Amino acid sequence: MAKACMLCKRPLSDPESVDRGLGPVCWAKVQAEAERAEDEAREWQCLLPFEGNVVLKRENGRVLTNVPHTIVRHSPTGFAWGYGGSGPADLALNILLLYTDEEAADRLYQRFKWEFVSRVPPEGGVIKGETIRAWLEEQKEVDF
């Protein structure tokens with residue numbers, strides 16, 4: 001039985017493709033995506049190290065931030081802000097992970113998204129670390 005490409009499920013005949021498990025077109029797509037991810041990682045790393053404030057900005061249509069995309073729950077295509085969608089949800093979750101434990105971040109990120117991330121202007125901005133810490137303290141008093 002012929003081996004099939006792991007992505008498109010087409011039969012593979014070339015020995016190199018069989019070894020990889022990917023046909024040439026799918027392999028090129030995977031390589032291009034890996035290069036894009038490396039480029040993005042290099043771009044946001046220019047804003048590291050993280051020193052307490054969350055920095056969000058856009059340059060040439062690309063999102064730059066000092067928040068690593070540690071957990072991808074809603075948006076595999078990356079972070080966003082200025083509205084209440086999946087990109088802002090992942091950004092809110094990953095911001096809170098910089099300030100608190102995973103359980104608290106998981107419990108609070110949707111609220112944080114609406115109170116902070118959805119309100120950042122499209123061009124970006126800064127969410128001050130002291131503001132985030134104060135907000136987290138306030139949340140301890142809120143009964144879920």
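Any residue in region 50-71 that is farther than 15 Å from residue 93 by Cβ and in contact (Cβ under 8 Å) with a residue 60 or more places away in the chain sitting within a Cβ distance under 6 Å of a residue that is open to solvent by 70 Å² or more (accessible area, probe 1.4 Å) and assigned to a loop (DSSP other than H, G, I, E, B)? List the pairs, counting only those 6 or more apart or interchain.
53/128; 58/123
Looking at (1) open to solvent by 70 Å² or more (accessible area, probe 1.4 Å); (2) in contact with a strand residue (DSSP E or B) (Cβ under 9 Å, 6 or more places away or on another chain); (3) closer than 30 Å to residue 33 by Cβ, which one does residue 128 not meet, given that it meets all the others?
Condition (3) is where residue 128 drops out.
Which pairs do you get when a residue that is under 14 Å from residue 73 (Cβ atoms), found in region 96-120, comes within reach of a residue that is part of a helix (DSSP H, G or I) and open to solvent by 40 Å² or more (accessible area, probe 1.4 Å), reach meaning Cβ atoms under 6 angstrom, with the pair 6+ apart or on two chains?
105/97
The values are calculated or read from the model by the stated rules, or taken from the named source; none is laboratory data. These numbers were taken from a predicted model, which means no experiment stands behind them. Note: ideal-geometry Cβ built from the backbone for every residue, glycine included; neighbour counts use all protein chains shown. To get the accessible areas, we keep the full protein, side chains included, count just its heavy atoms, and leave off ligands, DNA and RNA. Shrake-Rupley method; radii C 1.70, N 1.55, O 1.52, S 1.80 Å.
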